[in-house]
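Worksheet for the structure shown next.
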Amino acid sequence: MSFIKNMRKGLKGYLEQDTVRLRYYYIKRFLSTRGIYLPLPYLINFSREMWMGQGIKDQHPNPETYIKADGSTAALFSEVLPYLKKEDRILEIGCNVGRSLKYLHDLGFRNLSGIEIGVKAVELMQKTFPQVYRDSKIMVGDAVKIIKELKTDEYDLVFCHSVLVSIHPKFNEVFSQIARVSRKFVLILENEGS
């Protein structure tokens, strides 16, 4: 099943608990693709709760979906790799099971850190990529809160792959926090249609 189908299935399962919330979500999504944004009282914590619960009681998305690297992993780093040194400090926001960190680890980077909200994803990282997990600093919790505790200019590269789209606009201060903790590069790849 494709990533999008998994997301829709997980979203639908969560929202079926409340038909009003489901209808509101679909209307909001339809209008937002046309530049009209509704207030989001039902959805402020939706993505946060969904990602925290991934892998628990068959909730979607399943973190196993994020083990295998695809072409987007190499593409994400293609422009910045020539400017990085192996000793540079790198932070991934929303590292999930760690496939992007593994990619960098395989290239010889060792000062790796990650923030992940899903406990099951981090547990799967420990099993699937044990060396990457041991060699990295993984912080479990809400990136919006954790990043505020990090030092200014602590990292040479801060990156995320399809994560910021899941953070509610109410927490847009995460963008300035990303810029604050990175002293060199910020790298973001988002799927705006998700």
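The values are calculated or read from the model by the stated rules, or taken from the named source; none is laboratory data. All of these numbers come straight from a predicted model, not from anything done at the bench. Neighbour counts run over all protein chains shown; Cβ positions are idealised from the backbone, glycine included.
Within the stretch 80-96, is there a residue that is within 17 Å of Tyr66 (Cα to Cα) and among the charged types (D, E, K, R)?
Let us first name the residues in the stretch 80-96 that are within 17 Å of Tyr66 (Cα to Cα), namely 92-96.
When the remaining residues are screened for being among the charged types (D, E, K, R), the result is 92.
For the stretch 80-96, residues within 17 Å of Tyr66 (Cα to Cα) and among the charged types (D, E, K, R): present.
For Asp156, are the conditions met, namely being closer than 22 Å to Leu81 by Cβ and in contact with an Asp or Glu (Cβ under 6 Å, 6 or more places away or on another chain)?
Values: closer than 22 Å to Leu81 by Cβ: yes; in contact with an Asp or Glu (Cβ under 6 Å, 6 or more places away or on another chain): yes.
When the stated conditions are applied, Asp156 passes them.
Residue check: is Gly94 buried (at least 19 other Cβ atoms within 10 Å of the Cβ) and not basic (Lys, Arg)?
The answer is yes for Gly94.
Among (1) under 22 Å from Glu190 (Cβ atoms); (2) aromatic (Phe, Trp, Tyr); (3) at pLDDT 95 or above, which single condition is Phe77 missing?
(3)
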